[in-house]
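The values are calculated or read from the model by the stated rules, or taken from the named source; none is laboratory data. For clarity, every value in this text was computed on a predicted model and none was experimentally measured. Cβ atoms come from the backbone with ideal geometry, glycine included; neighbour counts cover every protein chain shown.
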Amino acid sequence: MNDERKINSEIKVQVKDLTLFRERLNQLGADFKGTDHQKDTYFKVSQGRLKLREGNIENALIFYDRDDDSFPKKSRIILVRSSTPELREILFRSLEILVVVEKQREIYFIDNVKFHLDVVPKLGKFVEIEVMGGPEADLEELNTTLKHYVELLKLPTDKQVKFSYSDLLLMLDSN
């Protein structure tokens, strides 16, 4: 298993149409990795968030902790790239499931910047930018890079979403 520890700076914005952002990413020469159908199973934990991501491109166990109220958001992440049936079975037998998020995600990269164009049933369409760094990365540098791409893509920051998809689905289900 490959264990990664990193921090990132990120933003998520709800949009009506992904076409314009897809075109802008292509104009910037972003490396398109493909479209992933992802199923994220979130588990009840005492701190942060723990999810098992199962997809045709990305498969990982991800723990992250972040302050939802800030922009840009800083996340502290521990990621284990794995898709073993044994890991899945251990998690499903030992932990309570909080919520399951399914989405179609187009994945693009420019250097250490990851772009997601997401379609999430019940929630809508979103553009997400994550600027990734190692555990000792300079957060100000990550934030500067993030703001640069927010401006280049002309993201409507007034449509910024502070919460994770899991939180949004839980809020939706509680109403």
Subset of segment 5-27, residues farther than 17 Å from Leu168 by Cβ, modelled with pLDDT of 95 or more and under 16 Å from the mean Cα position of the chain (by Cα), comes to none
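Conditions tested, residue by residue: (1) of a type in the set (Ser, Thr, Tyr); (2) touching a residue at least 24 places away in the same chain (Cβ under 8 Å); (3) closer than 17 Å to Lys51 by Cβ.
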site: Val99; (1), (2), (3): no, yes, yes
site: Glu102; (1), (2), (3): no, yes, yes
site: Phe115; (1), (2), (3): no, yes, no
site: Val120; (1), (2), (3): no, yes, yes
site: Phe126; (1), (2), (3): no, yes, yes
site: Leu142; (1), (2), (3): no, yes, no
site: Tyr149; (1), (2), (3): yes, yes, no
If we ask which residues in segment 8-47 are surrounded by fewer than 19 Cβ atoms within 10 Å (Cβ to Cβ) and assigned to a helix (DSSP H, G or I), their number turns out to be 7
Looking at (1) without any contact (Cβ under 8 Å) to a residue 60 or more places away in the chain; (2) surrounded by fewer than 14 Cβ atoms within 10 Å (Cβ to Cβ); (3) in contact with a Lys or Arg (Cβ under 6 Å, 6 or more places away or on another chain), which is the only condition Pro135 fails? (1)
So, in segment 48-99, exactly how many residues are in a strand (DSSP E or B), at pLDDT below 95 and either over 14 Å from the mean Cα position of the chain (by Cα) or β-branched (Val, Ile, Thr) (or both)? 5
Candidates Tyr42, Tyr108 - the one that is in contact with a Ser or Thr (Cβ under 6 Å, 6 or more places away or on another chain), of a type outside the set (Lys, Arg) and modelled with pLDDT of 90 or more: Tyr42
